[in-house]
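Trainee: Pasting in a structure now, in structure tokens, and then I'll have a few things to ask.
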Amino acid sequence: MVEILTKAPVPYRGSEIHNLPNGLKIILKEDHTVPVVALQIWVNCGGMNEPGELAGISHALEHMVFKGTPTRSTGEITKTIESNGGVINAATQIENTYYYIDIPSYGAKTALEVLADTLTHPAFPADELERERQVILEEINRRDDNPNSVLWDEFTAHVFRGTPYGKKIIGTKETVSALSRKNLFDFFHAHYVPEKMCLVAVGDFHKKKLWEQIKSLLGPLPPRKAPAEPAFNFNGIKPSSLTVKKPVQLTHLAMGITSVGLLHKDVVKLDILSDILGGGISCRLFQKLREELKIALSVASDYMAYRNKGVFAFFAECFPEKAKDVMAKIIEEIAGLKDIPVTTAELERAKTRIKSSWLHESETFQDRASTLGSFFSSDRMDLLSSYISEVESTTLKDLTRIFREHVAGQDFFITEVVPQ
């Protein structure tokens, strides 16, 4: 049976969701406006699925999957795609990893063959593993030198400490140095199973032809049971402060409260509240801390929602001597929503910004494929069709309730990256 997204916004309307017998999902959106095809394979496996001693293995797989198969050499994979005018790459997140090829439509058939081959028969050559290990170790070094990356890693590890969400996606020097080829094979075959995978195709193709090719390439994959999801226990994580010293000139600050995850009914309204507080230069925090008080160089907010949990977070940069003032004022402004609620003008500006952002994030076929894949990976394909309508229907009364139920009275997790 095929599910068709008939109520989704225009860029996604008419997308078809197919199911292969082995459990693999297929999402197809035919669009002939530009002779390009975006192909992506999403795997519901990321940093949260790794045992501690294998921290960073999902990211290592991202580096290694395209490094050869029994029938294609490392150089041949890249050369085949690039000689057809395409781009091949991948990305790792805490809950998933995805692999993609963007290519002119004349190369789509070849690109799908390459993507299917690499995601089902990776060879993980030993010499390539050693080369990529050094690349990843250098990435870790560069990340440790970037204060914003350090802030993000330390903040999320701090907020989610002791849970699968508290892991650093890139791993550590110790765990990456110890990864073996057998580790890669074992982890890949355990987690890269059809029921945890989704192929997304958006662009200039003919559905019937592409569907037949997909069935031929991926249909024979045997169904296999995926390992159980890691246990989640967010109880008992007490809000506290963490200070990290680095050779920086400014203080980089993150503050947050834990919140509900993507499966909760209030996620859209939390997006709106976050935008009102720190979504642009007209938002409350920017106007107060940057423009009026001039104590912060930058300030923003973000509702970061994962499947099982979320964080309502605030980020700022300031001179070190202003850090305490910035923290105090952010807390004061959040608490002040009780006495100075959101106005109609603030709500309408937020709705306009969010809808505009949605449109900008749907400009290219790659953007649209990524949106379809991420909603699938989050188990919220329903939200793809209802997101904009929920934004438009949100009222001031809704935001008063959201503030009361999800924000008011909570203590903050605080992480600072400060000058040594």
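Trainee: Quick one: Val244 ticks every box in (1) at pLDDT below 95; (2) within 22 Å of Val150 (Cβ to Cβ) except a single one, so which number is it?
Mentor: Failed condition: (1).
Trainee: Please list, ordered by residue number, the helices (runs of 4 or more DSSP H) wholly in the range 174-290 having 2 or more residues that are basic (Lys, Arg) and either touching a residue at least 40 places away in the same chain (Cβ under 8 Å) or outside the structural domain of Pro122 (by TED's automatic domain parsing) (or both).
Mentor: By residue number, 207-218.
Trainee: Let me ask something else about it. Check Val418, Val391, Val342 and return the single one that is part of a loop (DSSP other than H, G, I, E, B) and more than 30 Å from Val193 (Cβ to Cβ).
Mentor: Result of the check over Val418, Val391, Val342: Val342.
Trainee: Another question about this same structure. Being over 23 Å from the mean Cα position of the chain (by Cα) and either under 13 Å from Gly47 (Cα atoms) or of a type in the set (Lys, Arg) (or both) is the filter here, so list the residues in the range 176-188 that pass it.
Mentor: Arg181, Lys182
Trainee: Something else now. Which residues, counting only those in the range 92-125, are assigned to a strand (DSSP E or B) and either under 17 Å from Ser58 (Cα atoms) or in contact with an Asp or Glu (Cβ under 6 Å, 6 or more places away or on another chain) (or both)?
Mentor: Once the filter is applied, which keeps residues that are assigned to a strand (DSSP E or B) and either under 17 Å from Ser58 (Cα atoms) or in contact with an Asp or Glu (Cβ under 6 Å, 6 or more places away or on another chain) (or both), the range 92-125 yields Thr92, Thr97, Tyr98, Tyr99, Tyr100.
Trainee: So, one more: With the checklist (1) surrounded by fewer than 23 Cβ atoms within 10 Å (Cβ to Cβ); (2) in contact with a Ser or Thr (Cβ under 9 Å, 6 or more places away or on another chain); (3) at pLDDT 95 or above in hand, flag the one item Ile57 doesn't pass.
Mentor: (1)
Trainee: Residues of the range 291-310 being assigned to a strand (DSSP E or B) and buried (at least 21 other Cβ atoms within 10 Å of the Cβ), which ones?
Mentor: Val299, Ser301, Tyr303, Ala305, Gly310 - these are the residues of the range 291-310 that are assigned to a strand (DSSP E or B) and buried (at least 21 other Cβ atoms within 10 Å of the Cβ).
Trainee: Filter the range 351-385 down to the residues that are assigned to a loop (DSSP other than H, G, I, E, B) and touching a helix residue (DSSP H, G or I) at 6+ places or on another chain (Cβ under 6 Å), then identify the one that is nearest to Leu273 (Cα to Cα).
Mentor: Among residues in the range 351-385 that are assigned to a loop (DSSP other than H, G, I, E, B) and touching a helix residue (DSSP H, G or I) at 6+ places or on another chain (Cβ under 6 Å), the one nearest to Leu273 (Cα to Cα) is Glu361.
Trainee: When you scan the range 10-57, how many residues do you find that are assigned to a loop (DSSP other than H, G, I, E, B), free of Cβ contacts under 8 Å to residues at least 40 places away in the same chain and farther than 24 Å from Trp358 by Cβ?
Mentor: 1
Trainee: Name the single residue that is modelled with the highest pLDDT among those in the range 130-178 being polar (S, T, N, Q) and buried (at least 20 other Cβ atoms within 10 Å of the Cβ).
Mentor: In this case the residue turns out to be Thr175.
Trainee: Could you identify the single residue in Leu372, Leu337, Leu396, Leu384 that is touching a Phe, Trp or Tyr at 6+ places or on another chain (Cβ under 8 Å) and either more than 28 Å from Cys45 (Cα to Cα) or of a type in the set (Asp, Glu) (or both)?
Mentor: Exactly one of Leu372, Leu337, Leu396, Leu384 is touching a Phe, Trp or Tyr at 6+ places or on another chain (Cβ under 8 Å) and either more than 28 Å from Cys45 (Cα to Cα) or of a type in the set (Asp, Glu) (or both), namely Leu337.
The values are calculated or read from the model by the stated rules, or taken from the named source; none is laboratory data. Quick caveat: nothing in here was measured; it's all calculated off a predicted structure. Positions of Cβ are backbone-derived with ideal geometry, glycine not excepted, and every protein chain shown enters the neighbour counts.
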